[in-house]
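A.B. asks: To start, I am sharing the structure in question, which I have written as structure tokens.
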Amino acid sequence: MSYVTSRLTMKTLKETVREQNRKNLAKMRSNPRDWRIEQLQSIADANGVAYRQPGTSHATFRFPNGAKLTVPAHRPVAPEYVKEFINEIDRLATQKAGDSDDDG
């Protein structure tokens with residue numbers, strides 16, 4: 001595989017993952033039940049949210065605005081944690097949109 005082909009493939013893969021994360025976030029909004037911690041982590045990655053789960057039964061998400069959310073890594077994740085996670089992602093998106101409006 002050539003360098004150009006591999007770069008196009010990586011770009012396509014990233015776009016596919018980004019689109020799947022958008023779809024999952026929309027599904028989470030409509031039904032906050034039956035989600036796994038890995039799905040929250042994938043959405044966190046896509047939105048620049050740091051997280052850690054150092055061999056424990058909890059994952060801690062640290063949002064760029066300073067918010068912290070500790071989620072038990074049970075399957076499924078309890079709906080109240082999913083709702084709080086969505087709220088923080090939405091706050092982050094609102095802040096990013098406000099920051100880009102300030103730049104222009």
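A.B. asks: Are any residues in segment 21-50 polar (S, T, N, Q) and modelled with pLDDT of 90 or more, and if so, which ones? Please lay out each step first, then the result.
C.D. replies: Let us first name the residues in segment 21-50 that are polar (S, T, N, Q), namely 21, 24, 30-31, 39, 41-42, 47.
Of everything in segment 21-50, those that are polar (S, T, N, Q) and modelled with pLDDT of 90 or more turn out to be Asn24, Ser30, Asn31, Gln39, Gln41, Ser42, Asn47.
A.B. asks: Okay, moving on. How many of the residues in segment 39-76 are β-branched (Val, Ile, Thr) and within 22 Å of Glu19 (Cβ to Cβ)?
C.D. replies: Residues of segment 39-76 that are β-branched (Val, Ile, Thr), as a first pass: 43, 49, 56, 60, 70-71.
From the residues that got through so far, the ones that are within 22 Å of Glu19 (Cβ to Cβ) too are 43, 49.
Going through segment 39-76 one residue at a time, the tally reaches 2.
A.B. asks: What's the total number of residues in segment 81-104 that are under 22 Å from Trp35 (Cβ atoms) and either in contact (Cβ under 8 Å) with a residue 24 or more places away in the chain or of a type in the set (Phe, Trp, Tyr) (or both)?
C.D. replies: Of the residues in segment 81-104, 10 are under 22 Å from Trp35 (Cβ atoms) and either in contact (Cβ under 8 Å) with a residue 24 or more places away in the chain or of a type in the set (Phe, Trp, Tyr) (or both).
A.B. asks: Just the residues that are among the hydroxyl-bearing types (Ser, Thr, Tyr) and outside any helix (DSSP H, G or I), please, taken from segment 45-104.
C.D. replies: So the first thing to find is which residues in segment 45-104 are among the hydroxyl-bearing types (Ser, Thr, Tyr), and the list is 51, 56-57, 60, 70, 81, 94, 100.
Within segment 45-104, Tyr51, Thr56, Ser57, Thr60, Thr70 meet the criteria.
A.B. asks: Where the second residue is surrounded by 11 or more Cβ atoms within 10 Å (Cβ to Cβ) and among the charged types (D, E, K, R) and the first is within 15 Å of Trp35 (Cα to Cα) and lies in segment 50-79, which pairs have Cβ atoms under 6 Å and are six or more apart or on separate chains?
C.D. replies: Filtered contacts from segment 50-79: Arg75/Arg36; Pro76/Asp34.
A.B. asks: Same structure, new question: Sort out which residues of segment 51-64 are polar (S, T, N, Q) and either modelled with pLDDT of 95 or more or on the phi > 0 side of the Ramachandran plot (or both), and write them in order of number.
C.D. replies: Result: Thr60, single match.
The values are calculated or read from the model by the stated rules, or taken from the named source; none is laboratory data. Model, not experiment: these values are computed from the prediction. Methodologically, a virtual Cβ is constructed for each residue, glycine included, from the backbone with ideal geometry; neighbour enumeration extends over all protein chains shown.
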